[in-house]
Amino acid sequence: MEKKKVILAYSGGLDTSVAIRWIQEKYEMDVIALGIDLGTDKDLKPAEEKALKIGAIKSMTIEAKEEFINSFIFPSLQAGALYEKVYPLATALGRPLIAKILVETAEAEGATAVAHGCTGKGNDQVRFDVAIHTLNPSLQIIAPLREWNMTRNDAIEYAQQNGIPVEVTKKSPYSIDENLWGRSIECGVLEDPWTEPPEEVYKWTNETKKTPDTPTYVEIGFERGIPVSINGKARDGLSLIQELNQIAGENGVGRIDHLENRVVGIKSREIYESPAAIVLFKAHHALEELTMTKDALRFKDLVSTQYSDIVYSGLWFSTFQQDLTAYVLSTQRFVTGTVRLRLFKSNGTVVGRKSPFSLYTHSLATYDKGDTFEHDAATGFIKIFGLATKTQAQVQQNAAKGEKQG
Ligand code: ARG
């Protein structure tokens, strides 16, 4: 009888390597290893071959950077989606896309199950499982790390006994996830929230004392909330993000130290490096300040918070997410223009902004010649504007005084 097939999201690391053999033994299924490229510095070819050596019946890598940028990263930039105001959601945005590709591959290969290497304590299992079952409820989900109860040393031992290659290099105490939109680093000494992150955890950003001694200026052009150029030169999404990661990282911009609230109720300390994201969020927001009204900005802020919570908690494929996205897209109609930033000694600061749809009107704002603001109109406006407060003070504060005396 032909064995059932499972598609495993494979990274080439220890855990998912052990998982190949473990699933074969425990579930008696054939394993197809699937690597998904969302933009890392790592070459994914060796992992593809490693999976076959370990015993996968098939191994493949799917390139998904364009889809990641256009359908996940840029929409969330337009939404202003920073979880708890600071985390650009690189991992959280990557998971639903990986889940979608897992499901599509399972359907194409006639597999009855999909598998991932998440533990039972994190957000990622929630994101994968919810997304997978939203897209295809009939697929079985196997999460070996949640089931097998092995410590890291057990896993190494299992690997050695089963002829699974383990990198002999001194293993990093950190758990790292990375894609184009950012890196996340946890574990090791970082688990003490009082301990300053050691320099070795950072890979994309310079420490301040190694950054250039003169500022770097960068101009980012946006069309309807999407970044399209750097310093006047048109860029596709991929090269734009890569270039900004490089320029901002060199200037030490993009480090985040976050004590965050996980979906499963745990507070965790997380270090992130997201140079391009940090710069783009600042620039994008500066352009919104210029082109959106006060009420629209206040409301957009609420939407951003809600949107980032949805993404963080793994509810990407919900109609609520789709509805908020539709709203966000509408808000971006006039978010077109250019923002200039100064990158210097670990700070990225907006120092200029302009737009054909700018609501900033110099003749209204100026205190110099050319002022067109109607000063006389202010007196009447203030009378009516302050009327409710004045009325309240007269009635209730007088009453309060009376109470005290009585
Ligand atoms: N805490 C982040 C999140 O939930 C990142 C988790 C990524 N995993 C890691 N091994 N660092 O989105």
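Working from label points 7 Å from Cα in the Cα-to-Cβ sense, the Lys354 to Met1 distance is 7.3 nm.
So between Tyr327 and Gln405, what do we pick up on full extension, going 0.36 nm a residue minus the alpha carbon distance?
On the way: separation 78, 0.36 × 78 = 28.08 nm, distance 5.46 nm.
This chain segment gains 22.6 nm when fully extended.
For Ala113, nonlocal amide neighbours, meaning residues 5 or more places apart or on other chains whose placed amide H falls under 5 Å from its own, are Lys5, Ile7, Gln140.
In summary, the lysines within cross-link reach of Lys4, defined as a Cα separation below 27 angstrom excluding same-chain residues under 8 places away, comprise Lys26, Lys45, Lys50, Lys53, Lys58, Lys100.
Taking 7 Å steps out from each Cα toward its Cβ at Ala296 and Lys267 produces label points 3.9 nm apart. Taking Cβ atoms as reference points and 13 Å as the exclusive limit, the residues near Glu67 contribute a net charge of -2, counting Lys and Arg as +1 and Asp and Glu as -1. Rounded to the nearest 500, the 222 nm mean residue ellipticity of the chain from helices alone is -12500 deg cm²/dmol, with -39,500 (n - 2.57) taken per DSSP H run of at least 4 residues. Phi angles of the stretch 335-345 translate, via the Karplus equation with coefficients 6.51, -1.76, 1.60 and θ = phi - 60°, into HN-Hα couplings of 7, 10, x, 10, 10, 10, 10, 10, 9, 7, 6 Hz per residue; Gly and Pro are given as x. Phi angles across the stretch 320-332 convert, under the Karplus curve 6.51 cos²θ - 1.76 cosθ + 1.60 with θ = phi - 60°, into 3J(HN,Hα) values of 4, 4, 5, 5, 5, 4, 4, 5, 4, 4, 5, 5, 8 Hz, Gly and Pro given as x.
A Förster distance of 22 Å, applied to the separation of the beta-carbon atoms of Ile57 and Glu167, puts the FRET efficiency at 0.35. The Cα-based radius of gyration of the stretch 222-288, divided by its Kirkwood radius, gives an Rg/Rh of 1.08.
Can you give the angle from 0 to 90° between the axis of helix 45-54 and the longest principal axis of the chain, with both taken from C-alpha atoms, to the nearest 10? On a 0 to 90 degree scale, this one is about 40.
Residue-wise HN-Hα couplings along the stretch 188-200, as the Karplus relation 6.51 cos²θ - 1.76 cosθ + 1.60 with θ = phi - 60° gives them from phi, are x, 5, 5, 5, 9, x, 8, 7, 5, x, x, 4, 5 Hz; Gly and Pro carry x.
Sort Trp194, Trp148 by Cβ crowding within 10 Å, fewest neighbours at the top. Walk me through the intermediate numbers first.
Details: Trp194 5, Trp148 15.
By the 10 Å Cβ count, ascending, the order reads Trp194, Trp148.
Counting only alpha carbon atoms, the long axis of helix 375-385 and the longest principal axis of the chain meet at about 70°. On full extension, the segment bounded by Asn149 and Glu109 gains 11.4 nm, given 0.36 nm per residue less the C-alpha separation. Counted by neighbouring Cβ atoms within 10 Å, the residues Leu329, Leu139 run from fewest to most as Leu329, Leu139.
With angles folded into 0 to 90 degrees, how steeply does helix 90-109 sit against the dominant principal axis of the chain? Use alpha carbons for both and round to 10. Its long axis makes an angle of about 40 degrees. Using a Debye calculation, one point per C-alpha and no hydration shell, please list log10 I(q)/I(0) for the stretch 254-406 at q = 0.12, 0.18, 0.20 Å⁻¹ in order. For the requested q values the scattering log ratios are -0.85, -1.19, -1.33. In terms of packing, defined here as the mean over residues of other Cβ atoms within 10 angstrom, the peptides 116-126, 176-186 line up highest first as 176-186, 116-126. Less than 5 angstrom separates the built amide H of Glu63 from those of Asp37, all sequence-distant by 5 or more or on a different chain. Quick one: net charge of Glu288's neighbours, Cβ under 15 Å, K/R +1, D/E -1? Summing Lys/Arg as +1 and Asp/Glu as -1 gives +4.
Using a 10 Å cut-off on Cβ atoms, rank the peptides 91-101, 391-401 from the highest mean neighbour count down. Could you put the intermediate results ahead of the total?
Numbers: 91-101: 23.7, 391-401: 10.1.
Result, highest mean first: 91-101, 391-401.
Rounded to two decimals, what ratio of Rg to Rh does the stretch 89-156 give with C-alpha atoms and a Kirkwood Rh? Kindly include the intermediate steps, with their values, before the conclusion.
On the way: Rg = 12.6 Å, Rh = 12.6 Å.
So for the stretch 89-156, dividing Rg by the Kirkwood Rh gives 1.00.
Considering only alpha-carbon pairs that sit under 8 angstrom and 6 or more positions apart, the relative contact order computed for the stretch 1-87 is 27 percent.
Proximity of backbone amide H atoms, modeled 1.01 Å from N, is registered between Arg353 and Arg340 at under 5 Å, excluding neighbours fewer than 5 places apart on the same chain.
Note on Lys85 and Glu199: their simple-model spin labels are 3.1 nm apart, each label 7 Å out from Cα toward Cβ.
What is the gain in length, in nm to one decimal, between Glu207 and Lys121 on full extension, counting 0.36 nm per residue of separation less the C-alpha to C-alpha distance? Can you show the working numbers first?
Numbers: separation 86, 0.36 × 86 = 30.96 nm, distance 3.14 nm.
Full extension of this stretch gives 27.8 nm more.
Computed from the coordinates by the stated procedures, all read-outs in this text should not be read as laboratory data. Just so we're clear, the structure is a prediction, and the values are computed from it rather than from any experiment. Methodologically, a virtual Cβ is constructed for each residue, glycine included, from the backbone with ideal geometry; neighbour enumeration extends over all protein chains shown.
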